[in-house]
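A short worksheet on the structure shown next.
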Amino acid sequence: MAINRTAAETYVVDWRDQAGRRFRKTFSTHREAIDYEKDMVAQVSRGDFIPPSKETVGERAEKWHNRKADAGSYRFATLQNWRTHIEKYIVPLLGELRIQEVSVEDVETAAAQWARMTSAHTANKVLTTLTAIFKLAQRTGPLQQKANVAQLAERIKISNEEDKDEEVTPEEVYCQEELNTLILATAPGSLERVLIMVAALCGLRIGEVLGLAWPAIDLKANKLHVRQGLIDTGKANGGRGFGKPKSKKGRRTLNLPQELAHELKVWKLKCPPSEHDLVFATVEGKPLHRKGAAHILDQAIAAAEIKRLTLHKLRHTFASLLLARGVPIPKVSKLLGHRDSIITMKTYAHFVEDKRNDEQELATSILGGKL
């Protein structure tokens with residue numbers, strides 16, 4: 001390395017990095033040039049000097065998303081969520097910044113604005129995506145051996161109000177009488193009745209209901225095996241395809257109530273044939289679309305003259321009715337395919353309130369009513 005004084009009375013540090021690449025930088029004072037030279041000598045000797053890069057956050061985000069898409073192992077809906085994070089949140093606030101120059105403060109300022117635009121929960125999801133983008137830059141790009149400022153950024157605190165929004169309330173489910181009225185408003189052995197009963201008496205997710213195939217139903221043993229679901233895949237194959245459950249807990253086996261098994265046996269004789277041997281198919285043999293399933297439910301609700309709920313709320317109805325009957329939370333969690341019982345407890349806390357008088361039971365057990 002060398003420091004050269006120019007005719008303009010500035011100082012140029014001329015040096016090469018560990019890879020032999022030449023760099024020159026000009027300073028107005030000799031002291032600044034000396035300090036810079038010492039810093040570069042130390043970085044080169046350690047082998048951790050990283051050349052300046054003009055790559056922006058937006059450019060690296062696009063590379064990251066392309067890698068994920070090319071991997072072919074991510075669901076279309078997941079890729080679309082990441083695309084939304086990038087185009088709607090990351091690029092507008094950080095996209096034009098050089099990735100090497102982004103600070104923790106830049107990220108936290110952006111995250112605060114994302115939270116105002118949407119919610120703290122979504123803002124934290126965007127931060128997770130940004131962290132993954134920066135990790136790629138650490139592994140293969142201009143952030144090698146530099147800190148991941150997105151990872152260091154403080155996450156947005158989720159308020160109690162947001163937590164409560166995730167809880168299911170009695171207004172969002174049917175009581176036993178309403179569900180009975182809804183089922184009886186449909187014709188025996190019909191697609192309408194079977195669709196509603198599978199959702200409400202098995203607690204399946206919408207995709208699991210629409211992706212249900214006859215080989216997954218054992219009508220002799222009265223068992224239903226959840227092995228796949230109907231998912232969005234983009235424009236290919238009509239925008240729909242089949243995917244495995246997201247987790248091991250999602251892959252489960254349920255007992256079929258005798259009443260539902262009977263309806264399924266009748267419906268199987270009338271069910272339209274389809275390429276994937278689906279329980280719920282159109283007359284053309286294609287998977288029933290979510291909008292079509294929602295329309296079927298709406299018609300049944302109108303006939304039953306009860307409050308309007310969605311197919312997803314039938315899953316909530318299933319869980320709430322079981323919990324109201326005292327079924328243990330771990331069992332309900334297993335039936336729903338939840339990752340753990342905490343999710344079940346949090347979602348259905350309203351239906352599992354402990355109404356026992358534990359203090360009275362303790363006193364009675366100790367004193368035996370002798371006082």
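The values are calculated or read from the model by the stated rules, or taken from the named source; none is laboratory data. Source: prediction; values computed, not measured. Cβ sites come from the backbone with ideal geometry, for glycine too, and all protein chains shown count toward neighbours.
Do we have any residue at all in segment 99-106 that's touching a strand residue (DSSP E or B) at 6+ places or on another chain (Cβ under 9 Å), hydrophobic (A, V, I, L, M, F, W, C) and surrounded by 14 or more Cβ atoms within 10 Å (Cβ to Cβ)? Step through it out loud before you land on a result.
We begin by selecting, within segment 99-106, every residue touching a strand residue (DSSP E or B) at 6+ places or on another chain (Cβ under 9 Å); these are 99.
Right, trim to hydrophobic (A, V, I, L, M, F, W, C) and you get 99.
So of that shortlist, the ones also surrounded by 14 or more Cβ atoms within 10 Å (Cβ to Cβ) come out as 99.
Yes, that holds for at least one residue.
Quick test for you: out of LEU297, LEU256, LEU323, pick the one residue that is under 22 Å from LEU179 (Cα atoms), in contact (Cβ under 8 Å) with a residue 60 or more places away in the chain and buried (at least 20 other Cβ atoms within 10 Å of the Cβ). Of LEU297, LEU256, LEU323, the one residue that is under 22 Å from LEU179 (Cα atoms), in contact (Cβ under 8 Å) with a residue 60 or more places away in the chain and buried (at least 20 other Cβ atoms within 10 Å of the Cβ) is LEU297. Residues in segment 160-196 that are among the basic types (Lys, Arg) and modelled with pLDDT under 95: LYS164 alone.
Residue-wise test of (1) of a type in the set (Val, Ile, Thr); (2) closer than 20 Å to LEU323 by Cβ; (3) assigned to a loop (DSSP other than H, G, I, E, B).
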site	(1), (2), (3)
THR181	yes, no, no
PRO188	no, no, yes
HIS225	no, no, no
THR253	yes, no, no
VAL266	yes, no, no
LEU269	no, no, no
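Test LEU136 against the criterion of being touching a Phe, Trp or Tyr at 6+ places or on another chain (Cβ under 8 Å), part of a helix (DSSP H, G or I) and modelled with pLDDT of 90 or more, and give yes or no. The answer is yes for LEU136. Can you confirm whether ALA199 is assigned to a loop (DSSP other than H, G, I, E, B) and either at pLDDT below 95 or not polar (S, T, N, Q) (or both)? It is false that ALA199 is assigned to a loop (DSSP other than H, G, I, E, B) and either at pLDDT below 95 or not polar (S, T, N, Q) (or both). Consider ALA7 carefully, then state whether it is closer than 30 Å to LYS244 by Cβ, out of contact with any Lys or Arg (no Cβ under 6 Å at 6 or more places or on another chain) and without any contact (Cβ under 8 Å) to a residue 60 or more places away in the chain. Judged against the criteria, ALA7 is not a match.
Annotation: ALA77 fulfils all but one of (1) over 17 Å from LEU136 (Cα atoms); (2) free of Cβ contacts under 8 Å to residues at least 60 places away in the same chain; (3) in contact with a strand residue (DSSP E or B) (Cβ under 9 Å, 6 or more places away or on another chain); (4) not in a strand (DSSP E or B); the unmet one is (2).
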